[in-house]
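Report on the following structure.
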Amino acid sequence: MKLQVSNTNAPSWRDITVKANLPAELKPLEELARNLWWVWNSEGKSLFRDLDHDLWRATGENPVMLLQQLSFERLQEIIADAGIMERMAHVYKMFRDYMAQPMRTDVPSIAYFSMEYGLCNALKIYSGGLGVLAGDYIKEASDSRVDMTAVGFLYRYGYFTQSLSVDGQQIANYEPQNFNQLPIEQMMEKDGRPMILEVPFPGRVVYSHIWKVNVGRMNLYLMDTDFDMNSEFDRVITHQLYGGDWENRIKQEYLLGIGGVLMLQKLGITTTLFHCNEGHAALLNLQRLVDYVQKDKLDFNVALELVRASSLYTVHTPVPAGHDYFDEGLFGKYMGEYPAKLGISWQDLMNMGRENPDTNERFSMSVFALNTCQEANGVSWLHGEVSKKMFQGIWKGYSWEESHVGYVTNGVHMPTWAASEWKSFYAEKLGQQVFENQSDPEAWKGIFRVKDEEIWQMRCTLKNKFINFVKRDFKAKWLANQGDPSAVMKVVDKINPNALIIGFARRFATYKRAHLLFTDLDRLAKIVNNEQFPVQFVFSGKAHPADGAGQGLIKRIMEISRMPQFLGKIIFLEDYNMIVAKRLVTGVDIWLNTPTRPLEASGTSGEKAEMNGVLNFSVLDGWWYEGYRFNEQAGWALTDKRTYTDQSQQDKIDAATIYSMLENEIIPLYFAKNSKGYSPEWIQYIKRSIGDIAPHFTMKRMIDDYISRFYDKEAARTKRLSAKDFALAKEIVAWKEKVAEAWPGVHVVELNTTDTGNAITGQATETTVKVDTNGLGTDVALEMVVYKHCDGEDKLWRTVPFKVVAEEGNVVTYKFQEDLMDAGVFRYAYRLYPTNPELPHRQDFAYTKWI
């Protein structure tokens, strides 16, 4: 037998994590590491950092990994260091005192569902603004002692880390997370086995582990399918955030919504309300409908009444193309069993996700959310108005101006995003009360009494901290990726603390218009190469791996940054994450934002800048549309008016405006320095920014708005509908069914009006209408809807109710009379609609008839 050179088989690798066995004296560190309270409490964060500065940076600011990797010798040194031990005891007491405070009982309990959460850099379950917003929200829920439970996914690969090739091409690296090294804990059964959630998928069961993230006083529960009980087809469900094809997307949204509700049930968690953060989780209401129908033996329509009353949908997307739509075939593959569970037809279920029922439209998760949630909101005032227009077609009898869709402008979690130096500064100058009353402008007024020099010193401190961060953390990355060490050192050496530094960092989607600054390179070169008034621009951000245009933009910026005239003046920081973001929003002088209006639903990075004395220069879109109006001498704005309908022409004029405002307003103001080295008027801008704008965009204000505008009223109505075996819910459904059956027979018997088509102000007008209500009586109301022609378009002017003046059998007589007081060109029509004081708003039962 001829011997082979090699004979082997594939290795069977087994994972084992050997953790440092912390001495008893250091056990409080382990508890602190497993609760993200340290993320927004500077003393906790600095404690971990000071255990080993280099290791803290190397682990990506991950305290669990830090403790696992500390050497035995270092642990002994820590125990022998009386100063550190005293700090640990102090921080641990702060933490325990915080945790001991009870949750509020005057606010309803909420289950909050989101596809992503940006809580800290170590836990990579976020991609951008939506996730960071959700993370900030549940942190504030903890601080405000709101009884909230959050639901999401633990992604194996999360969102990608970014590196750039020598030619500036984005490289997306999906790095697996080792769950044993994260600040999370796995949920276990009483016998010590991992808790397994069983989620029924068509023809199979998908199994999920459950992990808990302790976020201060509240819990975030995460599902994870990446283990051997699942097939390879299903293990990938929780691999990547926004990864895979449309089938993987529907599997993710099925698991998030339906699996999320089942997970809460398995954990024994019940809440009064359900908050759907974007449409990804909308199927949670499908599972809740099934539970009411099958467990409580309720009719589908009664179940829908109860589900709607206790649900809120927050939309973050300003254009229809940004919402998820599923082809009927794919949707049916996963949802085909649900009509039978609910006692409805397949067409009924599909219609719940269609703007135009009984058509071949794809199933829209957003439309389904709107049809199963009593309330819905945009994330700024302007985005609320955009959302009303976007969803107008769902309630066709009403104009967009009459929509019930509301808004809550996004805010940011001040304890997370204000630099530790600023937090100490605020505590000293404004008092601890500013943290307890963040959303009260009066709490911030003390900033106007602070000496200008002290404000300037804070800005210099944070600016130097940012520059040191860039030189330390990015030099190594640039050397690894850019090839030419001498070129890298030239960039590092040219970062100038005396320059006006302007930051632009966000997702590189084309509507963000990062390219505007580069419209006229000659003009830009003059701006950045003025030795008397030096200016530098710092960019950072990721483009979605499927967004070729966004990646091309990053590549173009890299090319420009290497041109001799821009070397060291245009800088791109790769792998934008929460660490980079915080250094940027605390360290630059100006925060630049140039989206195509109105495509910025809210934006929050500029709000973070506000907390740190960084001034905004932005298009009047999203939050800045509101923020700028609090004080127009606290930042700068590009107009909200369009000059051209052609976007490329509009881009050119907006770019010219940016250059002009930099040259003539911003740069001269910054460099109008006195003998002490700062511009007094610049400091006044900072004070006005902090004192007049920042308080209105805290996460504290945001959660208070959700409570007062939505949570409280939904909880009160849900309680009333559920009382006495759902008596009121059943009564409302019986009324709706009666109206629906009678509505086709409602018709006008007679209409008389004094209107001749022309009138003068002061003239009396009178209209009388007799309507056969087909047995509905005064449950049918009549109103006149009036539009006025102004500024080249018809705008809703007002709606005027008719009075019931007679009722004979089925015929109700309505009358309207008044003196005409407004001059102009109007058009009007008469609208019948069903009325019931128990309806939360008209769109809840949007039956109308125009006459």
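The set of residues in region 760-802 being open to solvent by less than 60 Å² (accessible area, probe 1.4 Å), assigned to a helix (DSSP H, G or I) and not acidic (Asp, Glu) consists of Gly777 alone.
Output yes when any residue across region 481-498 is open to solvent by 20 Å² or more (accessible area, probe 1.4 Å), touching a strand residue (DSSP E or B) at 6+ places or on another chain (Cβ under 9 Å) and modelled with pLDDT of 85 or more, and no when none is.
The initial filter retains those residues of region 481-498 that are open to solvent by 20 Å² or more (accessible area, probe 1.4 Å), namely 481-487, 489-491, 493-494, 496-498.
Filter once more, so that each one left must be touching a strand residue (DSSP E or B) at 6+ places or on another chain (Cβ under 9 Å): 481-482, 491, 494, 496.
Filter once more, so that each one left must be modelled with pLDDT of 85 or more: 496.
So far as region 481-498 goes, yes, one or more of its residues are open to solvent by 20 Å² or more (accessible area, probe 1.4 Å), touching a strand residue (DSSP E or B) at 6+ places or on another chain (Cβ under 9 Å) and modelled with pLDDT of 85 or more.
Against the definition (open to solvent by 40 Å² or more (accessible area, probe 1.4 Å) and touching a Pro at 6+ places or on another chain (Cβ under 9 Å)), how does Lys333 come out, yes or no? Yes, satisfied.
Would it be correct to say that Val205 is touching a residue at least 40 places away in the same chain (Cβ under 8 Å) and either surrounded by fewer than 24 Cβ atoms within 10 Å (Cβ to Cβ) or part of a loop (DSSP other than H, G, I, E, B) (or both)?
Numbers: touching a residue at least 40 places away in the same chain (Cβ under 8 Å): no; either surrounded by fewer than 24 Cβ atoms within 10 Å (Cβ to Cβ) or part of a loop (DSSP other than H, G, I, E, B) (or both): yes.
Taking the combined requirement at face value, the residue does not satisfy it.
Of all residues in region 208-219, exactly one satisfies the criterion of being in contact (Cβ under 8 Å) with a residue 60 or more places away in the chain, assigned to a strand (DSSP E or B) and open to solvent by 30 Å² or more (accessible area, probe 1.4 Å), namely Asn219. If I ask for residues that are over 17 Å from Pro183 (Cβ atoms) and either part of a loop (DSSP other than H, G, I, E, B) or open to solvent by 20 Å² or more (accessible area, probe 1.4 Å) (or both), which ones from region 58-83 would you list? Residues satisfying the conditions are Ser71, Phe72, Glu73, Arg74, Gln76, Glu77, Ile79, Ala80, Asp81, Ala82, Gly83. Taken as a whole, the structure places Ala716 among residues that are of a type in the set (Gly, Ala, Ser), over 28 Å from Phe617 (Cα atoms) and either at pLDDT below 95 or open to solvent by 50 Å² or more (accessible area, probe 1.4 Å) (or both).
Pairs meeting the criteria (first residue in region 113-127 and over 13 Å from Tyr155 (Cα atoms), second residue in a loop (DSSP other than H, G, I, E, B) and of a type in the set (Ser, Thr, Tyr), beta carbons under 8 Å, at least 6 apart or on different chains) are Leu119/Tyr126.
Taking the condition of a type in the set (Gly, Ala, Ser), under 30 Å from Ser380 (Cβ atoms) and open to solvent by 10 Å² or more (accessible area, probe 1.4 Å), does Gly322 pass?
Numbers: of a type in the set (Gly, Ala, Ser): yes; under 30 Å from Ser380 (Cβ atoms): yes; open to solvent by 10 Å² or more (accessible area, probe 1.4 Å): yes.
It is true that Gly322 is of a type in the set (Gly, Ala, Ser), under 30 Å from Ser380 (Cβ atoms) and open to solvent by 10 Å² or more (accessible area, probe 1.4 Å).
For region 402-432, how many residues are under 18 Å from Trp40 (Cβ atoms) and part of a helix (DSSP H, G or I)? Here the count works out to 12. When Gly677, Gly691 are checked against the criterion of being out of contact with any strand residue (DSSP E or B) (no Cβ under 7 Å at 6 or more places or on another chain), in contact (Cβ under 8 Å) with a residue 60 or more places away in the chain and assigned to a helix (DSSP H, G or I), a single residue qualifies: Gly691.
Does region 187-201 contain at least one residue that is among the β-branched types (Val, Ile, Thr), over 24 Å from Val379 (Cα atoms), free of Cβ contacts under 8 Å to residues at least 60 places away in the same chain and touching a strand residue (DSSP E or B) at 6+ places or on another chain (Cβ under 6 Å)? It would help to see each step written out before you state the result.
Step one: filter region 187-201 for residues among the β-branched types (Val, Ile, Thr), giving 196, 199.
Next, from what is left, pick out any that are over 24 Å from Val379 (Cα atoms): 196, 199.
Those left that are additionally free of Cβ contacts under 8 Å to residues at least 60 places away in the same chain: 196.
Restricting the remaining residues to those that are touching a strand residue (DSSP E or B) at 6+ places or on another chain (Cβ under 6 Å) gives 196.
Yes.
Against the test of being within 29 Å of Phe160 (Cβ to Cβ), at pLDDT 95 or above and either out of contact with any helix residue (DSSP H, G or I) (no Cβ under 7 Å at 6 or more places or on another chain) or not in a loop (DSSP other than H, G, I, E, B) (or both), the options Leu222, Leu262, Leu286 yield a single qualifying residue, Leu222. Give me the pairs: first residue in region 87-112 and farther than 23 Å from Phe48 by Cβ and modelled with pLDDT under 95, second residue in a strand (DSSP E or B) and open to solvent by less than 80 Å² (accessible area, probe 1.4 Å), beta-carbon distance under 8 Å, and six or more apart or on different chains, which are they? Final answer for the pair search is none.
Residues in region 148-178 that are on the phi > 0 side of the Ramachandran plot and more than 19 Å from the chain's Cα centre (by Cα): Gly168 only.
Quick check on region 15-28. Is at least one of its residues assigned to a helix (DSSP H, G or I), open to solvent by 40 Å² or more (accessible area, probe 1.4 Å), at pLDDT 95 or above and closer than 28 Å to Lys582 by Cβ? No; the residues of region 15-28 include none that is assigned to a helix (DSSP H, G or I), open to solvent by 40 Å² or more (accessible area, probe 1.4 Å), at pLDDT 95 or above and closer than 28 Å to Lys582 by Cβ. For region 191-202, filtering for residues that are open to solvent by 50 Å² or more (accessible area, probe 1.4 Å) and under 20 Å from Gly257 (Cβ atoms) leaves 2.
Selection within region 740-759: residues that are under 49 Å from the mean Cα position of the chain (by Cα) and not in a loop (DSSP other than H, G, I, E, B). The member of this set that is nearest to Tyr828 (Cα to Cα) is Val748.
Taking residues in region 794-806 that are touching a residue at least 40 places away in the same chain (Cβ under 8 Å), and partners anywhere that are in a strand (DSSP E or B) and of a type in the set (Val, Ile, Thr), the pairs with Cβ atoms closer than 8 Å and at least 6 places apart or on different chains are Leu796/Val785; Leu796/Val786; Thr799/Val785; Thr799/Val786. Restricting region 803-844 to residues that are at pLDDT below 95 and either surrounded by 14 or more Cβ atoms within 10 Å (Cβ to Cβ) or in contact with a Leu (Cβ under 7 Å, 6 or more places away or on another chain) (or both) leaves a set whose member that is nearest to Ile394 (Cα to Cα) is Tyr828. Contact map, region 325-346: residues that are under 17 Å from Tyr292 (Cβ atoms) paired with residues that are assigned to a helix (DSSP H, G or I) and of a type in the set (Phe, Trp, Tyr), Cβ distance under 7 Å, separation 6+ or inter-chain. Pairs shown: Pro339/Trp346; Leu342/Phe300; Gly343/Phe300; Ile344/Phe300.
Figure legend. Inter-residue proximity from region 435-453: first residues open to solvent by 40 Å² or more (accessible area, probe 1.4 Å), second residues in a loop (DSSP other than H, G, I, E, B), beta-carbon distance below 9 Å, spacing 6+ or different chains. Indicated pairs: Lys445/Leu430; Glu453/Lys676; Glu453/Tyr678.
Test Val408 against the criterion of being within 20 Å of Asp704 (Cβ to Cβ) and either touching a strand residue (DSSP E or B) at 6+ places or on another chain (Cβ under 9 Å) or among the small types (Gly, Ala, Ser) (or both), and give yes or no. The answer is yes for Val408. Within the option set Tyr117, Tyr112, Tyr155, being aromatic (Phe, Trp, Tyr), in a loop (DSSP other than H, G, I, E, B) and closer than 23 Å to Thr604 by Cα holds for one residue only, Tyr117. Selection of region 458-468 for residues being open to solvent by 10 Å² or more (accessible area, probe 1.4 Å), in contact with a Lys or Arg (Cβ under 9 Å, 6 or more places away or on another chain) and not charged (D, E, K, R) yields an empty set.
How many residues are within 22 Å of Val535 (Cβ to Cβ) and either modelled with pLDDT of 95 or more or of a type outside the set (Ser, Thr, Tyr) (or both) if we restrict to region 615-659? Explain how you work it out, then say what you get.
Taking region 615-659 as the starting set, the residues that turn out to be within 22 Å of Val535 (Cβ to Cβ) are 615-619, 624, 633-638, 651-659.
Next, only the ones that are either modelled with pLDDT of 95 or more or of a type outside the set (Ser, Thr, Tyr) (or both) stay: 615-617, 619, 624, 633-638, 651-656, 658.
Adding up the residues that qualify gives 18.
Could we say that Ile851 is under 30 Å from Glu305 (Cα atoms), exposed (fewer than 15 other Cβ atoms within 10 Å of the Cβ) and at pLDDT below 95 here?
Details: under 30 Å from Glu305 (Cα atoms): yes; exposed (fewer than 15 other Cβ atoms within 10 Å of the Cβ): yes; at pLDDT below 95: yes.
Judged against the criteria, Ile851 is a match.
The values are calculated or read from the model by the stated rules, or taken from the named source; none is laboratory data. Model, not experiment: these values are computed from the prediction. Glycine gets a Cβ as well: all are built from the backbone with ideal geometry, and neighbour counts include every protein chain shown. Surface accessibility is based on the protein's heavy atoms, side chains included, excluding ligands, DNA and RNA. Shrake-Rupley method; radii C 1.70, N 1.55, O 1.52, S 1.80 Å.
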